[in-house]
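Here's the structure we're looking at; comments come further down.
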Amino acid sequence: MKSIQIEFSKYESVNSLWSELIEHHGFERAKNIVSQAIDLQKMNGDKNVTMPIIFSGTGGLALIPIQSLKEKNLKSKSKENQVLIFNLKKKSFQILNEAKH
């Protein structure tokens, strides 16, 4: 599996991408996209090394090295069921923590 690299210093951390994902794909589909991203991490990722990323425009998925986030000095401690939502056009990203039911 290929690993993608993103220079997060060129992007802004926001809190609006989850709601935009819901607006664009609908709540159930957005929830399924997050679930698929978490499954991708569980099947192909490496805990404390990779994090799933969702491309908000397409709903596409990938894994990124957590080191990319640490270089930006993000205060995100690596947690299970954590997903990064990324918007290339708006040059923004959001770290989403899945709520446990």
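The values are calculated or read from the model by the stated rules, or taken from the named source; none is laboratory data. Values in this document were obtained by computation on a predicted structure and should not be read as measured data. Every residue, glycine among them, receives a Cβ derived from its backbone with ideal geometry; neighbour counts consider all protein chains shown. Just so you know, the surface numbers come from the protein's heavy atoms only, side chains and all, with ligands and any DNA or RNA stripped out. Shrake-Rupley method; radii C 1.70, N 1.55, O 1.52, S 1.80 Å.
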Quiz item: Just one of Glu12, Glu28 is at pLDDT 95 or above and acidic (Asp, Glu); which is it?
Solution: Glu28
Self-check item: All positions within the range 33-52 that are assigned to a helix (DSSP H, G or I) and not β-branched (Val, Ile, Thr)
Solution: Ser35, Gln36, Ala37, Asp39, Leu40, Gln41, Lys42, Met43, Asn44
Practice problem: May I ask you to verify whether Glu28 is in contact (Cβ under 8 Å) with a residue 40 or more places away in the chain, outside any loop (DSSP other than H, G, I, E, B) and not basic (Lys, Arg)? | Solution: no
Exercise. Please indicate, with yes or no, whether at least one residue in the range 17-24 is open to solvent by 100 Å² or more (accessible area, probe 1.4 Å), modelled with pLDDT of 85 or more and assigned to a helix (DSSP H, G or I).
Key: yes
